[in-house]
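Structure record follows, encoded as structure tokens.
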Amino acid sequence: MKTKTNILIALVIIFNMGNINAQESISNNENQTEERKIRPFRIGAKVGFPNIIGGNIEYVTPLLNDKLAVNLDYSMIKSDWLGFNEEAEAQDNKLDITYIEGGLNYYFFKPGKGLYGGLSYGNIKAKGTIVYQEFRDIVDTSHGSLNVKLGAKLGGLFYFRPEVGYAFSPLPETIETIRVYNDGNSETRPVGFDTDGTPYALLFSGFMANIGIGFAF
């Protein structure tokens, strides 16, 4: 009888040890599954301002429990139709605009997804020539700013990303251009932007906003 009791106790102990190991295995699998769900690499596109339209990449680092990510935005707009007024000869105009922004995103609640805050530095550059009948304006200017943002990554494999933010150094309302006349004379002139009553006026107040979509893996 005593032997049977010892065997029963041994079986109970073995069963409990197996149950504990199974639970640990399930827990590890869940953790591994959660890690896989983070999908740290993100590639997508953004539309908004000041980036206009361009690409975005993000990598969620292992730092701070997978909540700290590095982020990069890049846009390049090439155009031969932009001008500063109706007198411009559009066929000879060329104005290239590039925007690059890099920084860090911190996810507040969940690793690599949900609500996040961002700190970044962005630079926008415009370079080109606007041709008129009696002169041409040469544009070569850039502007940089430290920015803060609030956004959210929604989704998993495919995601949606809205963002709003503020630029501590808003875009200037005027830029310096070199005006070259047909007789060879030149002068430096400020050129302003007429944005009264348009959404673009928000750009010169420091407001930033964009919407992004992308693929995470």
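The numbers here are math on the coordinates, done by the rules we state, and not lab data. In this text the structure is predicted, and so the values were computed from the model without any measurement. Neighbour counts are summed over all protein chains in view; Cβ atoms, including those assigned to glycine, are modelled from backbone coordinates with ideal geometry.
Pairs from the table (Lys127/Lys153; Lys46/Lys78; Lys46/Lys127) lying more than 28 angstrom apart at Cα are Lys127/Lys153. Residue exposure proxy: Tyr74, Tyr116, Tyr121, ordered by other Cβ atoms within 10 angstrom of their Cβ from fewest to most, comes out as Tyr121, Tyr74, Tyr116. With q set to 0.10, 0.17, 0.18 Å⁻¹, the log10 of I(q)/I(0) for the stretch 40-216, from the Debye formula over equal scatterers at the Cα positions, is -0.47, -1.02, -1.10.
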